[in-house]
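What follows is a single structure, written as structure tokens, with notes after it.
The values are calculated or read from the model by the stated rules, or taken from the named source; none is laboratory data. Since this is a predicted model, take the numbers as computed values, not measurements. We place every Cβ from the backbone using ideal geometry, glycine too, and count neighbours over all the protein chains shown.
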Amino acid sequence: MKVLLAEDSGVMRKIIARGLHSLWVDDVVEAADGAIALEKFQQGNDFDLVLTDWNMPNMTGLELVNAIRGTGSKVPIMMITTEAEKGRVLEAIQAGVNDYLVKPFDQSQLQTKLERVLPQQTN
């Protein structure tokens with residue numbers, strides 16, 4: 001499984017990547033902001049899942065979601081962010097996010113969300 005991880009915090013990227021590796025993800029491609037993530041997405045476009053933070057420099061996670069959905073891609077996208085306001089969650093879902101995980105989170109919450117999102121890629 002190949003996951004694109006867009007997160008501006010290097011520490012948080014490492015935490016999430018370790019969590020993914022401890023589950024069943026063998027390939028995590030990291031990006032420090034949405035613009036880099038979009039570039040990597042466009043280069044390969046063979047990702048099974050995109051995980052993105054909301055607040056990042058150069059291109060926000062929401063802008064990344066809009067750009068990916070603008071290509072017609074149905075790849076599952078999960079927003080991992082501190083933005084927990086109901087209006088923000090709805091905005092992300094309307095943009096095409098499949099699920100939403102609020103920081104801080106633990107490994108079991110990450111696993112539950114992944115299990116909920118990933119079966120959708122077989123539809």
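Out of VAL50, VAL75, report the one residue that is closer than 19 Å to LYS103 by Cα and among the aliphatic types (A, V, I, L, M).
Values: VAL75 fails: closer than 19 Å to LYS103 by Cα.
Result of the check over VAL50, VAL75: VAL50.
Against the definition (of a type outside the set (Phe, Trp, Tyr), modelled with pLDDT under 90 and either more than 20 Å from LEU38 (Cα to Cα) or more than 15 Å from the chain's Cα centre (by Cα) (or both)), how does GLN109 come out, yes or no?
On the way: of a type outside the set (Phe, Trp, Tyr): yes; modelled with pLDDT under 90: no; either more than 20 Å from LEU38 (Cα to Cα) or more than 15 Å from the chain's Cα centre (by Cα) (or both): yes.
So GLN109 does not fit the description; no.
Per-residue answers, yes or no, for (1) farther than 21 Å from LYS14 by Cβ; (2) crowded, with 19+ Cβ neighbours inside 10 Å:
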{"position": "ALA32", "(1), (2)": "no, no"}
{"position": "PHE47", "(1), (2)": "no, yes"}
{"position": "THR71", "(1), (2)": "yes, no"}
{"position": "LEU101", "(1), (2)": "no, no"}
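Might you check whether a residue that is over 18 Å from THR112 (Cα atoms), buried (at least 19 other Cβ atoms within 10 Å of the Cβ) and of a type in the set (Val, Ile, Thr) occurs anywhere in segment 15-28?
Within segment 15-28, one or more residues are over 18 Å from THR112 (Cα atoms), buried (at least 19 other Cβ atoms within 10 Å of the Cβ) and of a type in the set (Val, Ile, Thr).
Do any helices (runs of 4 or more DSSP H) entirely within segment 45-123 hold 3 or more residues that are of a type in the set (Gly, Ala, Ser), and if so, which? Spell out how you get there, then give the answer.
Numbers: elements: 61-70, 86-95, 107-117.
Ranges flagged: 61-70, 86-95.
Within the group GLU63, GLU39, which residue is surrounded by fewer than 17 Cβ atoms within 10 Å (Cβ to Cβ), more than 11 Å from the chain's Cα centre (by Cα), more than 22 Å from GLN109 (Cα to Cα) and of a type in the set (D, E, K, R)? Walk me through how you get there before you give the answer.
Details: GLU63 fails: surrounded by fewer than 17 Cβ atoms within 10 Å (Cβ to Cβ).
Of GLU63, GLU39, the one residue that is surrounded by fewer than 17 Cβ atoms within 10 Å (Cβ to Cβ), more than 11 Å from the chain's Cα centre (by Cα), more than 22 Å from GLN109 (Cα to Cα) and of a type in the set (D, E, K, R) is GLU39.
Conditions (1) among the small types (Gly, Ala, Ser); (2) in contact (Cβ under 8 Å) with a residue 12 or more places away in the chain, marked per residue:
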{"position": "HIS21", "(1), (2)": "no, no"}
{"position": "ASP53", "(1), (2)": "no, yes"}
{"position": "LEU64", "(1), (2)": "no, yes"}
{"position": "SER73", "(1), (2)": "yes, yes"}
{"position": "PRO76", "(1), (2)": "no, yes"}
{"position": "LEU101", "(1), (2)": "no, yes"}
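Based on what the data block shows, is THR82 free of Cβ contacts under 8 Å to residues at least 60 places away in the same chain and surrounded by 16 or more Cβ atoms within 10 Å (Cβ to Cβ)? Reasoning before the result, please.
Values: free of Cβ contacts under 8 Å to residues at least 60 places away in the same chain: yes; surrounded by 16 or more Cβ atoms within 10 Å (Cβ to Cβ): no.
Against the criterion (free of Cβ contacts under 8 Å to residues at least 60 places away in the same chain and surrounded by 16 or more Cβ atoms within 10 Å (Cβ to Cβ)), THR82 does not qualify.
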